[in-house]
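Chemist: I am attaching a structure below and will ask some questions about it afterwards.
The values are calculated or read from the model by the stated rules, or taken from the named source; none is laboratory data. Predicted model only: the values in this text are computed from it and were never measured. Cβ placement follows ideal geometry from the backbone for every residue including glycine, while neighbour counts extend to all protein chains displayed. To get the accessible areas, we keep the full protein, side chains included, count just its heavy atoms, and leave off ligands, DNA and RNA. Shrake-Rupley method; radii C 1.70, N 1.55, O 1.52, S 1.80 Å.
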Amino acid sequence: MSSIVFFVFRGDSMKNNNNNNNFGVKQSIIVLFLLINLSLAQAHDGAKIAVVDLERVVILSPQGKALQSKLEKFQEDVRNEAEGMNKIAQDIRRKVQEGANSLSEDKLAELQRQFEDQSIKIRRFTDEKQREGQKMQQQGLKDIEKELEPVMKQIQTQHGFDLILNNTPGIVVMTSEKVDITQLVIETLKQNN
């Protein structure tokens, strides 16, 4: 028994009703029709199709768990450093509030400037660390992708799959557990470590 996979195309051109985009909508419908017919034809010719939940593979793989640990450690370090910076800002603010009636205007203005400088420093630090964390995550995912490619090739070759799809909502509408190879991919990744 063959599995049939339906694809759903989503595009912003479908939302606009002007004549310039009608051609794109017509092309999308034609492509969708051809893909459905191609899928049906391949299913009748005995094509083997599989789906894999790549997000689950990343989360459950040893590499994904290592990346998650690395990111959690980074976030904890950033949080600790930010708390120290916030404490300095709060101390300055407390001095401003306590000295509102007893300090000179020059001293209050100086403390207010220090507070504003510290606030700017905290915002810059937060923005910089957020970019650094995103870069770390992207690089980690790229590294996992590099390790995953030969595993997917190995599975495709060993099991004779003609097509392997990422089981993404909105792309793959329905699938059967018979064609889900997510656990096989995870186990193969573990064996290759």
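Chemist: Can you give the net charge of the other residues whose Cβ lies under 12 Å from the Cβ of residue 120, counting K and R as +1 and D and E as -1?
Modeler: +1
Chemist: Another question, if that's okay. How far apart, in nm, are the 7 Å Cα→Cβ label points at residue 79 and residue 143?
Modeler: Going by the 7 Å Cα→Cβ label model, 2.3 nm.
Chemist: Could you work out what % of the accessible surface of the stretch 48-164 is carbon and sulfur, using a 1.4 angstrom probe and leaving DNA, RNA and ligands out of the count?
Modeler: Using a 1.4 Å probe with all protein chains present, the stretch 48-164 comes out at 48 percent carbon and sulfur.
Chemist: Turning to a different aspect of this structure: If the cut-off is 20 Å between C-alpha atoms, which lysines fall inside it for residue 146, apart from same-chain ones fewer than 8 positions away?
Modeler: Candidates past the 8-residue exclusion: 65, 70, 135, 190.
Chemist: Next up: How do 161-172, 49-60 rank on mean C-beta neighbours within 10 Å, highest first?
Modeler: The densest-packed peptide leads the list: 49-60, 161-172.
Chemist: Would you mind working out the magnitude of the charge dipole of the stretch 54-160 relative to its Cα centre, with +1 at each Lys and Arg C-beta and -1 at each Asp and Glu C-beta, to the nearest 20 Debye?
Modeler: In total the dipole reaches around 240 debye.
Chemist: What FRET efficiency do you get for residue 166 and residue 132 if R0 is 30 Å and r is their Cβ-Cβ distance, rounded to the nearest 0.05?
Modeler: 0.60
Chemist: What is the set of long-range amide H partners of residue 103 at a cut-off below 5 Å, with H atoms built 1.01 Å from backbone N?
Modeler: none
Chemist: How much length is gained on full extension from residue 103 to residue 116, taking 0.36 nm per residue of separation minus their Cα-Cα distance?
Modeler: 2.9 nm
Chemist: Residue by residue through the stretch 122-130, which ³J(HN,Hα) values in whole Hz follow from phi under the Karplus form 6.51 cos²θ - 1.76 cosθ + 1.60 (θ = phi - 60°), with glycine and proline marked x?
Modeler: With coefficients 6.51, -1.76 and 1.60, one gets 5, 4, 4, 4, 4, 4, 4, 5, 5 Hz.
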